[in-house]
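Structure record follows, encoded as structure tokens.
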């Protein structure tokens, strides 16, 4: 079982604190560190999460330069927001600079107002996401890349550098809708939804596997992951600040005692989950680092081989 930690999106942590979180995560044994993606935050969503979203490509590149082995992942890049050739260049460069530590989590997005601000048609987000993933693979794998799609076409070009990982960094698909599951089977190397309980995850996994059987997709090296919010309580302690940070409780979160959280993770592992990403609910820097230490010391040892 592998464990990742998502950089905070519910509080405005300074850039340097994010770097320190990543460095400490590597020191205490986390396998991956993840950055989220929003370009702007429409006013109606202020208070639902932090106002400060550092550019994930720049932030993770900075982290890669200050760490040695921890994987750097995007959870998730909203693909329709940007030119796919430019994103392919950034990811390939990140993978080279980190010597093959990138995991590319992608999604189609959900915030209509952000799409409108960026001038991207909201109704095209699914089709664009699928096309952009295909463009990535063409650019990363081929010495003479050629592509003709609905939104982009190119030929007679060179594209370098190629990613360090061959044939390309693993692509994990975010979301839990039917379209997201089909995208994961058709185009992904892994699947990472958010806020799913073990029971919900099992149901979704069963459906994903049925799609794979219909498509004759081999899932041998496919990664099943989930990202859930987490807060560790002492026995008898009630939730103190927890979910009001983000403006309401999500469908599922790991807000419980260390023993209860361990039991939940056992259930995830039993149904085939191999990479859990935790989004720690911390009021400040001190609490963030304390919770990281507790998770690494009290829970992770139960699952390390």
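The requirement of being surrounded by fewer than 22 Cβ atoms within 10 Å (Cβ to Cβ), under 19 Å from residue 223 (Cβ atoms), in contact (Cβ under 8 Å) with a residue 24 or more places away in the chain and within 18 Å of the chain's Cα centre (by Cα) is fulfilled nowhere in region 113-130; no residue meets it.
Only residues that are surrounded by 10 or more Cβ atoms within 10 Å (Cβ to Cβ) and part of a strand (DSSP E or B) were counted in region 140-163, giving 3.
Touching a helix residue (DSSP H, G or I) at 6+ places or on another chain (Cβ under 8 Å), assigned to a loop (DSSP other than H, G, I, E, B) and surrounded by 19 or more Cβ atoms within 10 Å (Cβ to Cβ): is that true of residue 167 in this structure? No; evaluated as a whole, the condition is false for this residue. Among the residues of region 77-87, the ones that are crowded, with 22+ Cβ neighbours inside 10 Å and under 18 Å from residue 163 (Cβ atoms) come to 3 in all. Within the set 74, 67, the sole residue that is modelled with pLDDT of 95 or more, buried (at least 17 other Cβ atoms within 10 Å of the Cβ) and touching a strand residue (DSSP E or B) at 6+ places or on another chain (Cβ under 7 Å) turns out to be 74.
The values are calculated or read from the model by the stated rules, or taken from the named source; none is laboratory data. Being a predicted model, the structure only gives us computed values, none of them experimental. All Cβ positions, glycine included, derive from the backbone under ideal geometry; neighbour counts span all protein chains shown.
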